[in-house]
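The values are calculated or read from the model by the stated rules, or taken from the named source; none is laboratory data. None of the values given here were measured: they were computed from a predicted structure. All Cβ positions, glycine included, derive from the backbone under ideal geometry; neighbour counts span all protein chains shown. Only protein heavy atoms, including side chains, enter the accessible area calculation; ligands, DNA and RNA are left aside. Shrake-Rupley method; radii C 1.70, N 1.55, O 1.52, S 1.80 Å.
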Amino acid sequence: MAAALKRAYLAVYNWAVFSGWAQVLYYAVTTLLRSGHRDVYAAVERPLQLAQTAAVLEIIHGLVGLVRSPISATLPQIGSRLFVTWGILWSFPETTTHILVSSLVISWSITEIIRYSFFGTKELLGSAPSWLQWLRYSSFLIMYPTGISSELGLIYIALEYIKASEKYSFRLPNAWNYSFDYFYASIMVLLIYVPGSPHMYTYMLGQRKKALSKSKTM
């Protein structure tokens with residue numbers, strides 16, 4: 001009974017988030033074709049925020065043992081995306097008309113549509129078709145570099161606005177006797193991408209080799 005409830009919950013979760021990302025992709029592409037890249041963010045803002053924030057549940061799923069995904073791989077990827085979604089795009093609207101927003105949301109949405117449909121199908125049917133498994137473990141070869149490049153570019157573009165606004169920064173003196181500079185924190189995030197991105201890409205290559213070699217022996 002518990003196993004059936006777990007599978008039902010994960011199936012609903014995966015297909016619900018899949019629908020959110022499908023909406024993001026549809027709005028992004030149609031807006032890009034109709035009126036250009038400057039209007040893309042306005043069209044996708046709400047579904048993008050909902051779909052990306054829903055990924056926080058994946059961290060909880062890993063912590064409580066609902067899924068076997070390692071937190072060490074899940075947390076930095078979700079954390080970096082949330083930082084871009086809320087800490088850059090939502091916080092600094094000056095960045096939202098840049099063409100990198102289009103490449104970002106299209107890369108993210110294609111990746112997530114494939115990933116959530118793969119896991120949703122596995123939870124519903126017990127397995128996924130080989131073509132979907134191939135897409136799940138191969139699409140990142142293109143989508144990860146384009147997505148990461150867009151994330152890095154948007155954080156870099158936002159730096160001048162972060163510095164000028166001093167949003168989220170705390171200066172001394174204050175009641176907490178604590179200082180924080182969001183500008184330098186954002187630079188630190190950029191620096192973390194330098195070793196983090198190749199490490200994650202290598203990890204996914206390993207996962208791809210493992211998953212596809214296993215499917216060949218079945």
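Among Thr96, Thr146, Thr74, determine the one that fluctuates most according to a GNM of the chain built with springs between C-alpha atoms less than 10 Å apart.
Thr74
Report relative contact order for the stretch 1-135 in percent, whole number only (criteria: Cα-Cα under 8 Å, sequence separation at least 6).
Once divided by the residue count of the stretch 1-135, the mean separation gives 39 percent.
Convert each backbone phi in the stretch 177-191 into a coupling constant with the Karplus relation 6.51 cos²θ - 1.76 cosθ + 1.60 (shift: θ = phi - 60°), then list the ³J(HN,Hα) values in order as whole Hz, x for Gly and Pro.
Those phi angles translate into 6, 9, 10, 8, 10, 5, 4, 6, 5, 5, 5, 4, 4, 4, 5 Hz.
Which one, Gln133, Gly147, Ser91, projects farthest toward the positive side of the charge dipole computed for the stretch 73-218 from Cβ point charges (K/R +1, D/E -1)?
Towards the positive end, the residue furthest out is Gln133.
Between helix 71-82 and the chain, what is the angle of the helix's C-alpha long axis to the longest principal axis, kept within 0 to 90° and rounded to the nearest 10?
Roughly 50 degrees, rounded to the nearest 10.
Using the reciprocal of the averaged 1/r over all distinct C-alpha pairs, how large is the Kirkwood radius of the chain in Å?
In the chain this quantity evaluates to 18.7 Å.
Stokes-Einstein D for the stretch 120-218 at 10 °C, 1.306 mPa s, Kirkwood Rh over Cα pairs, in µm²/s?
Here the translational diffusion coefficient equals 94 µm²/s.
In whole angstrom, note down how far apart the Cα centers of the stretch 177-195 and the stretch 88-136 are.
27 Å
Enter the angle in degrees (range 0 to 90, nearest 10) between the Cα long axis of helix 140-165 and the first principal axis of the Cα atoms of the chain, meaning the one along which they spread out most.
Taking Cα atoms only, the helix is inclined about 20 degrees.
Hey, quick one: spin label on Leu132, modelled 7 Å out along Cα-Cβ, who in the stretch 38-72 has an amide N within reach, i.e. under 17 Å?
Those under the cut-off are none; the list is empty.
Counting other C-beta atoms within 10 Å, and keeping those with at most 13, which DSSP coil trypsin sites (Lys or Arg not before Pro) do you find in the stretch 1-68?
Arg68
Kirkwood Rh over alpha-carbon pairs of the stretch 135-180, then Stokes-Einstein at 25 °C and 0.890 mPa s: what D in µm² s⁻¹, rounded to an integer?
181 µm²/s
Of all the accessible heavy-atom surface of the stretch 1-132, with the other protein chains kept in place and a 1.4 Å probe, what percent is carbon and sulfur?
68 percent
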